[in-house]
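Data first, discussion second: the structure below is written as structure tokens.
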Amino acid sequence: MDHLLTVESTEADAVSRLTWTPIEDQDVEYEDAALMLGDMGGVYLFECRTCPGRPYKDRFDCS
């Protein structure tokens, strides 16, 4: 199965945000979405694109 989508409770912390934010946007104020999945975990979706019916699977984890 191929990884299709990840939804996390937080977008990034103060340190890791700098690694993925474009340079021109690093001065933009961070706005939290206030999303909480479990106890700050995430949901991961997987899909098999080669199987009939394209089955999918999800995984939910908590930190």
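The values are calculated or read from the model by the stated rules, or taken from the named source; none is laboratory data. As the structure is a computational prediction, the values presented were derived from the model and not from experiment. Methodologically, a virtual Cβ is constructed for each residue, glycine included, from the backbone with ideal geometry; neighbour enumeration extends over all protein chains shown. Surface accessibility is based on the protein's heavy atoms, side chains included, excluding ligands, DNA and RNA. Shrake-Rupley method; radii C 1.70, N 1.55, O 1.52, S 1.80 Å.
Structure notes:
- Accessible area of the chain belonging to carbon and sulfur atoms, whole % at 1.4 Å probe: 56
- Relative contact order computed over the chain (Cα-Cα under 8 Å; 6+ residues apart), in percent: 42
- Per residue, the accessible area of the chain comes to 83 Å², computed with a 1.4 Å probe over protein heavy atoms only.
- Annotation note: trypsin sites (Lys or Arg not before Pro) in the chain located in DSSP loop regions with a Cβ neighbour count of at most 13 within 10 Å are R49.
- The chain: projected area of the alpha-carbon convex hull, averaged over directions, in nm²: 5.8
- With the helix formula -39500 (n - 2.57) applied to DSSP H stretches of n ≥ 4, the chain reaches a computed 222 nm mean residue ellipticity of -1000 deg cm²/dmol.
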